[in-house]
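The values are calculated or read from the model by the stated rules, or taken from the named source; none is laboratory data. Only a predicted model underlies this, so the values are computations on that prediction, with no experimental measurement involved. Cβ coordinates were reconstructed from backbone atoms using ideal geometry, including for glycine residues, and neighbour counts include every protein chain displayed.
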Amino acid sequence: MTAESLRVVVTRRWPEEVQAELRARFPAVELNSDDTPYGTERLRAALREADVVLPTVSDRLPAELFEGDLRTRFVGNFGVGYNHIDVDAAGRAGVVVTNTPGVLTDATADTAMTLMLMVARRAGEGEREVRAGRWTGWRPTHLMGSEVTGRTLGVLGMGRIGAAVARRAHHGFGMPVVYFDPQEPDAATVGVPDARRVETVEEVLEASDFVTLHMPGGADNTRLIDEARLARMRPGAFLINTARGDVVDTAALIAALEKGTIAGAGLDVYDGEPDVPAALRELPNAVLLPHLGSATRPTRVAMGMLVLENLTAFLDGRPPPCRVA
Ligand code: DGY
């Protein structure tokens, strides 16, 4: 099969620079110009009819989609997280799956910092007040928030993104760092002198003023932050989630925010997104972003180009650099 005849399906609209490259290299590529999500049946058809499928986090690819007679041999996910793809089932079906780590580390870490600052300093509340014409002027007790500088940051998952957040918080805001990760990271890679590794999630929750989540979604991490663990957090603490929505029990989080078990939450990801429960949307102490973690133009272009690099390696018979199945 030649690149000219290769049937490549791209499930969402990608940055134009990357789409131009795709068109140039694979004339038979199917792009999604109106950006409508595919849905299960269209994804099933893509796996049966296309050689290559390039999905994103908004596509669900469970085991049943990898059953039967598939034409697809390569699934190149646009994104680092891949808990929306059953990679074991893909592997059993002989489908190679890749992701895009590394290129979105800084953008996502910046988003975690944005959420920390916004929720601690009540920036969302203030912005809504100004836009609604409700601001009555400066006063000493207006929208008093929490300090960020010098408070303790707890990191759950000290991979690339967790470490990038820790470095920003420590070197930029003088924050001591405590973290849990089942795998011991290389201290030089973390880059935070005196970052304290502890043995349990609970120890991080109890020691931190801000807890930031950076573990993969799915599997053992589903509802990792539940009612019992929220209760272990400090009453003035904030929970930040730029990882995956299913890591947090949403109902328990809403209850904790309503009762003041914790002071606030900054969220970029949601279980069942894009649906966000009304009860969460109504909470003033929650800052809610629409999964913007990697959403800078250079990062989104780099993600697309990395998908292409993986695909090129696969087509050339080399190991794709970011193979996950
Ligand atoms: C990622 O790369 O995992 C982002 O969350 C988008 O999927």
Residue pairs qualifying under the 7 Å Cβ cut-off, at least six apart or on distinct chains, with the first in region 299-318 being over 13 Å from PHE74 (Cβ atoms) and the second being in a helix (DSSP H, G or I), are THR299/ALA107; VAL301/GLU17; VAL301/VAL18; GLY304/VAL18; MET305/VAL18
The one condition LEU70 fails out of (1) touching a residue at least 60 places away in the same chain (Cβ under 8 Å); (2) outside the structural domain of MET144 (by TED's automatic domain parsing) is (1)
Filter region 266-288 for residues that are surrounded by 18 or more Cβ atoms within 10 Å (Cβ to Cβ) and within 14 Å of the ligand (Cβ to nearest atom); the one that is nearest to LEU153 (Cα to Cα) is LEU267
Picked from region 52-94 (must be among the charged types (D, E, K, R), over 15 Å from the mean Cα position of the chain (by Cα) and in a loop (DSSP other than H, G, I, E, B)), the residue nearest to the ligand (Cβ to nearest atom) is ARG60
Screening THR212, THR189 for residues that are within 16 Å of the ligand (Cβ to nearest atom), outside any loop (DSSP other than H, G, I, E, B) and within 26 Å of VAL80 (Cα to Cα) leaves only THR212
I'd like to check something: does region 297-320 contain any residue that is within 16 Å of the ligand (Cβ to nearest atom) and basic (Lys, Arg)?
yes
Scanning region 95-108 for residues that are not in a loop (DSSP other than H, G, I, E, B) and not β-branched (Val, Ile, Thr), the one farthest from the ligand (Cβ to nearest atom) turns out to be ASP106
Only unsatisfied item for GLU309, checking (1) assigned by TED's automatic domain parsing to the domain that holds VAL57; (2) in contact with a strand residue (DSSP E or B) (Cβ under 7 Å, 6 or more places away or on another chain); (3) of a type outside the set (A, V, I, L, M, F, W, C), is (2)
Quick check: anything in region 173-183 touching a residue at least 60 places away in the same chain (Cβ under 8 Å) and in the same structural domain as THR111 (by TED's automatic domain parsing)? no
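Quick grid of which residues meet (1) surrounded by 15 or more Cβ atoms within 10 Å (Cβ to Cβ); (2) without any contact (Cβ under 8 Å) to a residue 24 or more places away in the chain:
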| residue | (1), (2) |
| --- | --- |
| ALA89 | yes, no |
| ALA112 | yes, no |
| ARG128 | no, yes |
| HIS142 | no, yes |
| GLY150 | no, no |
| ALA164 | yes, no |
Note on LEU47: of the conditions (1) under 22 Å from LEU315 (Cα atoms); (2) touching a helix residue (DSSP H, G or I) at 6+ places or on another chain (Cβ under 7 Å); (3) in a loop (DSSP other than H, G, I, E, B), unmet is (3)
